[in-house]
Amino acid sequence: FAVRLVLMALLAPMASSVADHFPRKTVLVVSDLVRAVLIAGAGLLVLRDAPALAIIVLSTVTGLIGCVSRPAQLAWMPSLTNEPEELTAANGAYSTTKGLAFLVGPTIGAVLVATTGIAAVFALNVVSFLVSATVLAGIRAVTGDLPREPGRHGALREMTGGFREIAGNGDLLLVAGMVCAQNVVHGTTIVLGVTWAVEILERGPEAVGVIDTVFGAGAIAGGVLAIARAGRNRLASDIAVGTVLWSVPLLLIVLWPSPATVFAATLLMGVGKPLVDVNFTTLVQRIVATTSLARVFGVFQGAWYSTMALGALVAPLLIDGLGSRWTLT
């Protein structure tokens with residue numbers, strides 16, 4: 001998991017420059033179609049009992065293609081809205097839908113594997129990417145989609161433009177620091193979830209799925225809350241609240257380790273994640289020029305992946321050396 005995050009962190013800042021050079025809708029549609037082909041290929045390898053390494057490689061490449069898709073999507077969103085409040089609400093709707101998918105997706109996958117086999121899961125993935133590409137192709141932007149003509153500067157300068165944009169904006173650096181701190185905690189809690197399942201819930205590693213479900217429910221509630229607060233225009237303060245919800249609830253588990261505190265803390269962290277993601281995304285979309293918006297999001301995406309990977313890598317060492325309670329502290 002951590003290795004995959006590191007690869008995505010390295011690729012995202014560079015690959016996102018594509019979405020600042022070409023129509024973002026085109027980038028999104030092509031990304032979906034390429035991933036549909038790759039998943040279909042992985043499914044065929046599974047049916048033919050191909051070596052696991054080949055399947056892992058195809059699945060990893062599919063994830064890396066997504067490094068282009070998310071910055072393109074976030075950079076395209078302002079073109080689909082007329083008012084600032086609409087942009088925040090749109091980001092909130094996306095976050096809520098993503099939380100719902102996180103909650104429902106594993107259940108659908110488990111049912112398909114149990115009733116029809118793993119090939120059906122690959123087939124559903126292919127269909128989902130094709131449906132996404134079809135829907136995207138029919139969307140019309142309110143404003144222009146192509147920021148500028150490609151190839152006006154050197155390739156290296158173009159790919160590193162997001163770093164220069166962020167370095168020159170103190171507000172972006174400050175808020176990015178808060179978000180990265182939250183992601184370190186996120187990476188750590190992914191590992192700690194297994195510890196909670198075994199040591200506190202006493203249900204074994206399979207209880208991690210229950211914890212993930214609670215987190216997904218919290219994320220849906222947090223997305224609805226972010227939408228409700230869209231008109232108040234308190235982006236920075238809501239980011240701060242969301243960041244606090246990723247730290248203070250963990251003290252509940254430190255002080256009173258029990259199933260109730262595990263679920264309560266997980267739920268609150270789920271609520272906090274959309275508050276951070278939605279408001280941070282909206283803030284960047286408002287203050288960064290559209291010509292470099294995708295590259296800025298690419299840099300931030302790389303930072304999110306790397307800090308999450310850092311948390312996932314450090315957590316086992318801390319748990320082994322200090323125990324889970326001191327790691328939480």
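The values are calculated or read from the model by the stated rules, or taken from the named source; none is laboratory data. A quick note: this is a predicted structure, and the numbers were derived from the prediction, not measured. Here Cβ is always computed from backbone atoms with ideal geometry, including for glycine, and neighbour counts include all displayed protein chains. The protein model used for the area step is the full one, side chains on, heavy atoms only, and it has no ligands, DNA or RNA in it. Shrake-Rupley method; radii C 1.70, N 1.55, O 1.52, S 1.80 Å.
Figures for the structure shown
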read-out: Interatomic Cα distance distribution for the chain, bins of 10 angstrom, percent; value: 6, 23, 34, 26, 10, 1
read-out: Helical contribution to [θ] at 222 nm, DSSP H n ≥ 4, -39,500 (n - 2.57), averaged over the chain, rounded to 500; value: -26500 deg cm²/dmol
read-out: Segment 78-122: chymotrypsin sites (Phe, Trp or Tyr not before Pro) in DSSP coil with no more than 13 other Cβ atoms inside 10 Å; value: none
read-out: Top positive-direction residue, dipole computed over segment 42-152 with Cβ charges, set Gly99, Leu80, Val113; value: Val113
read-out: Translational diffusion coefficient (Stokes-Einstein; Kirkwood radius from C-alpha pairs) of segment 1-119 at 10 °C, 1.306 mPa s, in µm²/s; value: 97
read-out: Order by protection proxy (mean Cβ within 10 Å, highest first), peptides 302-313, 42-53, 220-231, 173-184; value: 302-313, 220-231, 173-184, 42-53
read-out: Cα-centre dipole for the chain with unit charges at Cβ (Lys and Arg positive, Asp and Glu negative), debye to 20; value: 460
read-out: For the chain, accessible area per residue (1.4 Å probe, heavy atoms of protein chains only), Å²; value: 47
read-out: Cβ-Cβ FRET estimate between Leu47 and Glu86, R0 fixed at 35 Å, reported to 0.05; value: 0.20
read-out: Highest average packing first - 104-113, 287-296, Cβ atoms within 10 Å; value: 287-296, 104-113
read-out: Global geometry of segment 59-116, whether rounded, prolate or oblate, following the gyration tensor of its Cα atoms and the 1.5 cut on a/c; value: oblate
